[in-house]
Amino acid sequence: MTRAAKTPDHPQDFALRVVAWQRLQGRHGLPWQGTRDPYRIWLSEIMLQQTQVSTVLRYYGRFLERFPTVTHLALAGLDDVLALWSGLGYYSRARNLHACAQAVVQQHAGVFPTEATVLETLPGIGRSTAAAVAAFSTGQRVAILDGNVKRVLARHRAFEHDVAKPAALRALWTVAEALLPPQGGMEAYTQGLMDLGATVCTRRRPRCEDCPVQADCRAHALGNPQAYPVKTRRTQRRARSSVLLLALHAPDGAPAAHLRRAGPEVQVLLQMRPPRGIWGGLWTLPLFDDERALDQALAARGLLQPLRVQALPPVQHALTHLDWTLKPCRVWVTPSEQGALSEGAGQPDAPQPEAGGWRWMGLDTALASGLPAPIRVLLEAEARQAGPSP
């Protein structure tokens, strides 16, 4: 045991209490628990970043069924990965997931690394995620410091420094390392810290009476656990409004009156988002700042607003720091109008365009592609209307 681990700041039985609590009160039976496969552990860790367990449970099994090994994931197209990730949010994770799988295949012959220092060199894997994969797959004695664990340790220590600042974060890493079990029990300890932060030491209304380390928790003793961790750099939420062009085309040129006869052959106009930023690399309906910008885009192609544009109910979409109001405008287009909208934008069977390009796509094909959640909901509603007649 190191000298630091014997000081009052770093009680040597902290880890033992966390391990004992986890084995009795922690979470068990989750589909990514009980495995030593670093690929499956890594996949769960990436999915669980900024996402609740209940949400990840809906995706994890389907993802493994489609990509059972890191090689399957590496060989898949990015659009296939994004399509399966659709609705899970924070899409940069999916792009990094794909890039990481390719790096494992190219640099490690498809054998997923288990050493934390090696894992950190891969795309999208930071220090804490690397440590979690190493601890769960091989029991390596390395500290984690994800959002939940920062909260547990900052409260236990009454850590008064701003964790948004690099120097303070380095100091908290030192605390995390000093509290590690002296030997063994890394899997239960790592899982226990995660479980404590997620179920007991919660951001709001922490259940201190159920905490195994309450006896020497400084924040609890001070009576203000919710004051920790200290974080002064907070991004202000902002509001944004955009207009979506929901342009549809039936092969016979007939709009809604004959929609059921057109069925799955209905096509929708989609736009590829830039690889970085909101919805990066996903297909979406063409986006405009307002109705005037939509009018100008239609007019530039010889199409005017009286083109039977129908305003649909707005959709409210909440992102991390953005409240986004999406205003869909549906329009059925004729074959000549479809050609005007396609001009310089890609035909239905053309290769995937560069970011910003437009492309006509069958509804079924669109729904099998990478779409943001609100766009998928809109297109699923159209697909239901376009389904076969009873």
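Observations on the structure shown:
- If the condition is being modelled with pLDDT under 85 and acidic (Asp, Glu), then the stretch 237-294 contributes Asp252, Glu265.
The rows are residues; the columns are (1) more than 23 Å from Leu24 (Cβ to Cβ); (2) of a type in the set (Phe, Trp, Tyr); (3) in contact (Cβ under 8 Å) with a residue 60 or more places away in the chain.
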{"residue": "Ala171", "(1), (2), (3)": "yes, no, no"}
{"residue": "Ala178", "(1), (2), (3)": "yes, no, yes"}
{"residue": "Gln183", "(1), (2), (3)": "no, no, no"}
{"residue": "Ala198", "(1), (2), (3)": "no, no, yes"}
{"residue": "Arg204", "(1), (2), (3)": "yes, no, no"}
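- Test: Leu122 is at negative phi, without any contact (Cβ under 8 Å) to a residue 60 or more places away in the chain and in contact with a Cys (Cβ under 7 Å, 6 or more places away or on another chain): yes
- For the stretch 45-55, a residue qualifies if it is without any contact (Cβ under 8 Å) to a residue 24 or more places away in the chain and among the hydrophobic types (A, V, I, L, M, F, W, C), and exactly one does: Leu48.
- Residues satisfying the stated conditions in the stretch 206-241, i.e. touching a residue at least 12 places away in the same chain (Cβ under 8 Å), in a loop (DSSP other than H, G, I, E, B) and not polar (S, T, N, Q): Pro206, Cys211, Pro212, Val213, Cys217, Tyr228, Pro229, Val230, Lys231, Arg233, Arg237
- Taking the listed residues Arg66, Arg62, Arg40, the one that is farther than 20 Å from Thr320 by Cα and loosely packed, with under 13 Cβ neighbours inside 10 Å is Arg62, with no other qualifying.
- Residue identified as outside any loop (DSSP other than H, G, I, E, B), modelled with pLDDT under 95 and touching a His at 6+ places or on another chain (Cβ under 8 Å) among Ala94, Ala4: Ala4
- A count restricted to the stretch 195-225 and to residues that are over 19 Å from Glu160 (Cβ atoms) and either touching an Asp or Glu at 6+ places or on another chain (Cβ under 7 Å) or polar (S, T, N, Q) (or both) stands at 4.
- Only a single criterion out of (1) crowded, with 19+ Cβ neighbours inside 10 Å; (2) in a strand (DSSP E or B); (3) of a type in the set (Asp, Glu) is not satisfied by Glu337, namely (2).
- Among the residues of the stretch 185-193, some residue qualifies, meaning at least one is in the same structural domain as Ala158 (by TED's automatic domain parsing) and assigned to a loop (DSSP other than H, G, I, E, B).
- You will find that of Ala103, Ala109, Ala94, Ala132, the residue that is among the small types (Gly, Ala, Ser), more than 22 Å from Leu172 (Cα to Cα) and crowded, with 21+ Cβ neighbours inside 10 Å is Ala94 and no other.
- Of everything in the stretch 305-321 that is hydrophobic (A, V, I, L, M, F, W, C) and within 16 Å of Val243 (Cβ to Cβ), the residue that is nearest to the chain's Cα centre (by Cα) is Val315.
- Of all residue pairs spaced 6 or more apart or on separate chains, none has beta-carbon atoms under 8 Å together with a first member in the stretch 94-109 that is farther than 10 Å from Leu122 by Cβ and a second member that is surrounded by fewer than 19 Cβ atoms within 10 Å (Cβ to Cβ) and of a type in the set (D, E, K, R).
- Test result for Trp85, in contact with a helix residue (DSSP H, G or I) (Cβ under 6 Å, 6 or more places away or on another chain), among the aromatic types (Phe, Trp, Tyr) and modelled with pLDDT under 95: yes
The values are calculated or read from the model by the stated rules, or taken from the named source; none is laboratory data. Since the model is a prediction, treat every value here as computed from it, not as a measurement. Backbone-built Cβ (ideal geometry, glycine too); neighbour counts: all protein chains shown.
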